[in-house]
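Report on one structure; see the data block that follows.
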Amino acid sequence: MTRVFIDADACPVKAEAERVATRHGVKMLLVSNGGIRPSANPLVESVFVASGPDEADKWIAEACGPGDVVVTGDIPLAAKCVAAGARVIKHNGEELGAANIGMALATRDLMQDLRSADPFRQGGGRPFSKADRSRFLDVMDRVVRAAKAQAGG
């Protein structure tokens with residue numbers, strides 16, 4: 001059975017993911033350290049993990065598998081989920097899989113090294129846009145359909 005896991009602490013597309021999961025009748029798990037308002041939707045379950053670095057990431061990586069969809073902007077978590085057989089979507093609608101996760105990890109590591117080498121370097125890229133939100137909805141719908149087909153329903 002397909003499930004959608006949301007790395008919820010800093011996810012800007014929780015509402016969009018819930019709409020897609022509801023439309024497809026798929027259970028959605030909002031995984032966070034707390035501070036996330038529970039949904040009244042019976043298909044949405046809030047999972048609160050211990051506070052601490054990467055606790056939500058660890059929980060998602062251990063729980064997901066083939067036929068599941070994970071929504072996260074965390075590249076190391078995405079790599080673990082891809083290795084577990086899950087489909088991964090970033091908040092901007094970019095799908096991460098076996099073909100591109102290595103490059104995403106390398107880029108992340110390079111940017112982290114550049115930031116640490118130059119303490120005056122600012123910024124984390126461009127802001128989240130309406131186009132990103134729209135792209136996310138389209139990709140999420142397609143990926144959930146594919147994951148349901150993979151899981152057999």
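Just a yes or no: is a residue in the range 78-85 surrounded by fewer than 16 Cβ atoms within 10 Å (Cβ to Cβ) and either out of contact with any helix residue (DSSP H, G or I) (no Cβ under 6 Å at 6 or more places or on another chain) or of a type outside the set (V, I, T) (or both)?
Restricting attention to the range 78-85, the residues satisfying the condition of being surrounded by fewer than 16 Cβ atoms within 10 Å (Cβ to Cβ) are 83, 85.
Those left that are additionally either out of contact with any helix residue (DSSP H, G or I) (no Cβ under 6 Å at 6 or more places or on another chain) or of a type outside the set (V, I, T) (or both): 83, 85.
Yes, the range 78-85 contains at least one residue that is surrounded by fewer than 16 Cβ atoms within 10 Å (Cβ to Cβ) and either out of contact with any helix residue (DSSP H, G or I) (no Cβ under 6 Å at 6 or more places or on another chain) or of a type outside the set (V, I, T) (or both).
It is to be established whether one or more residues within the range 20-31 are surrounded by fewer than 16 Cβ atoms within 10 Å (Cβ to Cβ), at pLDDT 90 or above and under 20 Å from R135 (Cα atoms).
Applying the first criterion (surrounded by fewer than 16 Cβ atoms within 10 Å (Cβ to Cβ)) to the range 20-31 yields 22-23, 25, 27.
Applying the additional criterion that residues be at pLDDT 90 or above yields 22-23, 25, 27.
Still in the running and under 20 Å from R135 (Cα atoms): 22-23.
Yes, the range 20-31 contains at least one residue that is surrounded by fewer than 16 Cβ atoms within 10 Å (Cβ to Cβ), at pLDDT 90 or above and under 20 Å from R135 (Cα atoms).
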Considering only the range 48-89, state which residues are within 20 Å of Q150 (Cα to Cα) and under 10 Å from the mean Cα position of the chain (by Cα). I60, V69, V70, V71, A78, C81, R87, V88, I89
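Given A78, A63, A84, which one is more than 10 Å from F5 (Cβ to Cβ), at pLDDT 95 or above and not aromatic (F, W, Y)?
Working: A78 fails: at pLDDT 95 or above; A63 fails: more than 10 Å from F5 (Cβ to Cβ).
One residue alone meets the criteria, A84.
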Hey, can you tell me all the residues within the range 130-153 that are in contact with a Lys or Arg (Cβ under 9 Å, 6 or more places away or on another chain) and either of a type in the set (S, T, N, Q) or not in a helix (DSSP H, G or I) (or both)? Q150
On the basis of being modelled with pLDDT under 90, part of a loop (DSSP other than H, G, I, E, B) and over 12 Å from the mean Cα position of the chain (by Cα), does P127 make the cut? yes
Residue check: is A149 at pLDDT 85 or above, among the hydrophobic types (A, V, I, L, M, F, W, C) and more than 17 Å from D7 (Cβ to Cβ)? yes
With the first residue restricted to the range 80-93 and required to be on the phi > 0 side of the Ramachandran plot and touching a residue at least 40 places away in the same chain (Cβ under 8 Å), and the second required to be outside any loop (DSSP other than H, G, I, E, B) and surrounded by 20 or more Cβ atoms within 10 Å (Cβ to Cβ), Cβ contacts under 6 Å at 6 or more apart or on different chains are G93/F136
Scan the range 31-90 for residues that are among the hydroxyl-bearing types (S, T, Y) and assigned to a loop (DSSP other than H, G, I, E, B) and jot them down. S39, S51, T72
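Please specify each residue of the range 40-56 satisfying the condition of being touching a strand residue (DSSP E or B) at 6+ places or on another chain (Cβ under 7 Å) and either of a type in the set (S, T, N, Q) or touching a residue at least 40 places away in the same chain (Cβ under 8 Å) (or both).
Step one: of the range 40-56, the residues touching a strand residue (DSSP E or B) at 6+ places or on another chain (Cβ under 7 Å) are 43-49, 56.
Residues satisfying the conditions are S46, A56.
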So K14 ticks every box in (1) surrounded by 13 or more Cβ atoms within 10 Å (Cβ to Cβ); (2) of a type outside the set (S, T, N, Q); (3) touching a residue at least 24 places away in the same chain (Cβ under 8 Å) but one. Which box is left unticked? (3)
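The values are calculated or read from the model by the stated rules, or taken from the named source; none is laboratory data. A quick note: this is a predicted structure, and the numbers were derived from the prediction, not measured. No Cβ is skipped: glycine too gets one built from the backbone with ideal geometry, and neighbour counts run over all protein chains shown.
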